[in-house]
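**Student:** After the structure tokens below, expect a handful of questions from me.
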There are 2 protein chains.
Amino acid sequence: MRIAVTGKGGVGKTTLAGVLARTYADDGYKVLAVDADPDPNLASALGFPDEIVEKIVPLSQMRDLIAQRTEAIPGMVGQMFRLNPRVDDIPEKYCVTHNNVKLLVMGTVKEGGSGCTCPEHAFLKALMSHLILKANEVLILDMEAGIEHLGRATAKSVDAFLVVVEPGKRSIQTLKSIKKLARDIGIKNIFAVGNKIKSSDEKAFIIDSCDDIPVIGFLSYDENFIYADRLGVSPYEQSNKNVHEVKMIKEGLESRLKSTL
Amino acid sequence: MRIAVTGKGGVGKTTLAGVLARTYADDGYKVLAVDADPDPNLASALGFPDEIVEKIVPLSQMRDLIAQRTEAIPGMVGQMFRLNPRVDDIPEKYCVTHNNVKLLVMGTVKEGGSGCTCPEHAFLKALMSHLILKANEVLILDMEAGIEHLGRATAKSVDAFLVVVEPGKRSIQTLKSIKKLARDIGIKNIFAVGNKIKSSDEKAFIIDSCDDIPVIGFLSYDENFIYADRLGVSPYEQSNKNVHEVKMIKEGLESRLKSTL
């Protein structure tokens with residue numbers, strides 16, 4: 001199963017992706033978590049210790065490899081490059097592992113003015129579509145904020161989009177843009193998750209606003225999640241209630257996907 | 001004066017940019033607000049009514065113009081294009097005006113899989129560096145979440161970066177990436193603004209975490225701001241306290257820039 005977690009900036013994508021990955025690992029799945037945000041922090045949400053984080057080689061730093069495969073220099077704007085680079089031999093050694101979750105990081109902008117991340121996205125897209133997953137394997141992609149990745153179709157090969165929203169018009173507007181763009185690239189399973197919920201009114205607001213997008217779960221507003229970020233630890237260890245809610249989301253997702261996959 | 005508002009997704013960039021623009025307009029400045037986020041919502045933060053929002057022609061829809069000037073087809077990935085398109089004759093008619101604030105919108109991804117927004121960014125960058133501002137004119141750029149715009153150097157020509165942070169490690173990590181990348185492209189004035197502040201402890205955490213970046217103001221956590229988003233109205237009309245805090249930020253910014261401009 002391949003799941004992309006997406007939504008407006010700051011709604012809680014990385015938190016959900018991190019806790020969901022840990023939840024699948026707890027249930028015996030082999031989990032590959034991919035941080036596809038050029039401003040990456042999935043490692044911390046997964047609870048990776050600093051000494052492992054320091055060892056991560058992001059895809060963007062495999063400069064020679066990407067240049068060779070995409071025929072582009074990573075970071076240069078406005079050049080021609082191959083959109084389907086060869087990726088079948090990308091070795092496992094580029095991943096780091098902790099708590100039974102493997103992590104792959106797309107990587108960041110290393111120098112101001114050095115260009116866009118188009119070649120990295122093309123490389124990641126090819127890598128994602130090439131991976132063959134077994135029944136007990138799960139791929140969780142934590143996407144960048146907003147919608148540019150949908151223009152690039154980086155997550156074209158996933159089985160489902162989980163779009164995180166909060167009780168506010170802006171994140172709902174982003175959901176609607178994502179819905180339209182995701183359908184353009186052939187994604188049929190689009191589900192919403194409501195985050196930072198303080199009342200049943202807010203749940204009703206979200207269900208109402210999501211129209212035909214099924215809302216498969218809610219995460220309650222919890223100060224402990226905020227303190228997890230402040231302390232730099234995984235939210236997985238900070239809020240039993242939210243972890244339980246993520247388990248419910250996982251179950252809802254599985255039962256909905258069972259019929260379509 | 002040219003100011004870019006930037007930071008991690010969801011920290012409150014658009015809210016600050018919108019209220020700051022209104023505050024400058026109140027003081028008699030001519031304000032041009034530019035929404036440089038491919039997932040745009042500055043119009044609503046500025047309080048533009050729907051009937052004006054519907055009339056906005058985003059830069060990305062001036063497809064023929066961008067194609068002609070950048071020699072690229074907007075939305076195509078991996079093509080060559082001119083990085084310094086001609087922009088000196090872009091007419092005022094692409095802006096809409098309300099409450100004495102002019103708004104220009106870069107625009108969004110119109111179709112999934114249609115490509116990146118590199119040509120639009122190149123066009124906007126050229127447009128921004130070409131504008132000549134008088135003493136009573138202010139340009140406020142609301143940037144996309146995260147840091148990819150710094151690779152593209154879209155905001156290279158601004159006088160100051162206002163980086164919005166909240167009490168948490170992730171937005172501080174983004175601040176540090178922005179600081180490094182902004183200096184790469186020659187931005188000297190980088191200031192932090194702390195948002196969603198609930199206590200003096202949180203202020204201290206932010207001042208501490210920002211190291212050598214001056215924190216020029218704080219915005220208190222205010223449910224009314226959240227309800228502004230839910231109601232789809234401008235936060236400017238929802239919280240006197242926050243508006244007063246933005247005025248203090250504006251004054252702090254002016255006094256700090258006076259010596260360098």
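**Student:** With respect to residue A:117, is the statement that it is more than 8 Å from chain B (Cβ to nearest Cβ), polar (S, T, N, Q) and crowded, with 24+ Cβ neighbours inside 10 Å true? Spell out the reasoning first.
**Tutor:** Numbers: more than 8 Å from chain B (Cβ to nearest Cβ): no; polar (S, T, N, Q): yes; crowded, with 24+ Cβ neighbours inside 10 Å: yes.
For residue A:117, the condition - more than 8 Å from chain B (Cβ to nearest Cβ), polar (S, T, N, Q) and crowded, with 24+ Cβ neighbours inside 10 Å - is not met.
**Student:** With (1) at pLDDT 95 or above; (2) away from chain A (no Cβ under 11 Å); (3) open to solvent by less than 20 Å² (accessible area, probe 1.4 Å) as the list, and residue B:158 as the residue in question, which single condition is left unmet?
**Tutor:** Just one mismatch for residue B:158, condition (1).
**Student:** Among the residues of the stretch B:237-255, write down those that are open to solvent by 10 Å² or more (accessible area, probe 1.4 Å) and small (Gly, Ala, Ser).
**Tutor:** B:252, B:255 - these are the residues of the stretch B:237-255 that are open to solvent by 10 Å² or more (accessible area, probe 1.4 Å) and small (Gly, Ala, Ser).
**Student:** Where residues in the stretch A:196-236 are aliphatic (A, V, I, L, M) and at pLDDT 95 or above, which of them is most open to solvent (accessible area, probe 1.4 Å)?
**Tutor:** To start, the set of residues in the stretch A:196-236 that are aliphatic (A, V, I, L, M) comprises A:197, A:204, A:206-207, A:213, A:215-216, A:219, A:226, A:228, A:231, A:233.
Still in the list and also at pLDDT 95 or above: A:197, A:204, A:206-207, A:213, A:215-216, A:219.
Values: A:197: 14, A:204: 53, A:206: 0, A:207: 95, A:213: 7, A:215: 36, A:216: 23, A:219: 6 Å².
It comes out as A:207.
**Student:** Based on what the data block shows, is residue A:35 in a strand (DSSP E or B), within 14 Å of chain B (Cβ to nearest Cβ), modelled with pLDDT under 95 and within 30 Å of residue B:15 (Cα to Cα)? Give the steps one after another, and end with the answer.
**Tutor:** Working: in a strand (DSSP E or B): yes; within 14 Å of chain B (Cβ to nearest Cβ): yes; modelled with pLDDT under 95: yes; within 30 Å of residue B:15 (Cα to Cα): yes.
Considered against the rule, which asks whether it is in a strand (DSSP E or B), within 14 Å of chain B (Cβ to nearest Cβ), modelled with pLDDT under 95 and within 30 Å of residue B:15 (Cα to Cα), residue A:35 comes out as yes.
**Student:** Right, something else. Test residue B:151 against the criterion of being closer than 28 Å to residue A:223 by Cα, within 12 Å of chain A (Cβ to nearest Cβ), open to solvent by less than 30 Å² (accessible area, probe 1.4 Å) and at pLDDT below 95, and give yes or no.
**Tutor:** Values: closer than 28 Å to residue A:223 by Cα: no; within 12 Å of chain A (Cβ to nearest Cβ): yes; open to solvent by less than 30 Å² (accessible area, probe 1.4 Å): yes; at pLDDT below 95: yes.
In short, no.
**Student:** Which residues, counting only those in the stretch A:127-148, are closer than 23 Å to residue A:19 by Cα and within 13 Å of another protein chain (Cβ to nearest Cβ)? Show your work before the answer.
**Tutor:** So in the stretch A:127-148, the residues closer than 23 Å to residue A:19 by Cα come out as A:128, A:131, A:133-147.
Matches in the stretch A:127-148: A:142, A:143, A:144, A:145, A:146, A:147.
**Student:** I've got another one for you. Please determine, by comparing only the residues of the stretch A:2-32 that are on the phi > 0 side of the Ramachandran plot and part of a loop (DSSP other than H, G, I, E, B), which one is most open to solvent (accessible area, probe 1.4 Å). Walk me through how you get there before you give the answer.
**Tutor:** Taking the stretch A:2-32 as the starting set, the residues that turn out to be on the phi > 0 side of the Ramachandran plot are A:7, A:10, A:12, A:28.
Next, only the ones that are part of a loop (DSSP other than H, G, I, E, B) stay: A:10, A:12, A:28.
Working: A:10: 22, A:12: 17, A:28: 55 Å².
Across the stretch A:2-32, the extreme among qualifying residues is A:28.
**Student:** Do we find a residue being under 16 Å from residue A:23 (Cα atoms) and touching a Ser or Thr at 6+ places or on another chain (Cβ under 9 Å) anywhere in the stretch A:103-126?
**Tutor:** In the first step, residues of the stretch A:103-126 are kept if they are under 16 Å from residue A:23 (Cα atoms); the result is A:103.
Add one more test, that the residue is touching a Ser or Thr at 6+ places or on another chain (Cβ under 9 Å), and what stays is A:103.
Scanning the stretch A:103-126, I find at least one residue that is under 16 Å from residue A:23 (Cα atoms) and touching a Ser or Thr at 6+ places or on another chain (Cβ under 9 Å), so the answer is yes.
**Student:** Taking helices (runs of 4 or more DSSP H) that do not extend beyond the stretch B:165-253, which have at least 2 residues that are within 11 Å of chain A (Cβ to nearest Cβ) and on the phi > 0 side of the Ramachandran plot? Show your work before the answer.
**Tutor:** Working: elements: B:169-184, B:200-209, B:223-231.
No helices (runs of 4 or more DSSP H) qualify here.
**Student:** Starting from the stretch A:203-220, keep only residues that are without any contact (Cβ under 8 Å) to a residue 24 or more places away in the chain, then list their pairs with residues that are of a type in the set (A, V, I, L, M, F, W, C) and open to solvent by 10 Å² or more (accessible area, probe 1.4 Å) whose Cβ atoms are within a distance under 7 Å, requiring at least 6 positions of separation or different chains.
**Tutor:** A:203/A:197; A:203/A:218; A:207/A:215
**Student:** Go through the stretch A:38-55 and count every residue that is open to solvent by 30 Å² or more (accessible area, probe 1.4 Å) and within 13 Å of chain B (Cβ to nearest Cβ). Steps first, please.
**Tutor:** Going residue by residue through the stretch A:38-55, those that are open to solvent by 30 Å² or more (accessible area, probe 1.4 Å) are A:40, A:44, A:49-55.
Going one step further and asking which of them are within 13 Å of chain B (Cβ to nearest Cβ), we end up with A:40, A:44, A:50, A:53.
Matching residues across the stretch A:38-55 total 4.
The values are calculated or read from the model by the stated rules, or taken from the named source; none is laboratory data. Predicted model only: the values in this text are computed from it and were never measured. We place every Cβ from the backbone using ideal geometry, glycine too, and count neighbours over all the protein chains shown. What goes into the accessible areas is simple: the full protein's heavy atoms, side chains included, and nothing from ligands, DNA or RNA. Shrake-Rupley method; radii C 1.70, N 1.55, O 1.52, S 1.80 Å.
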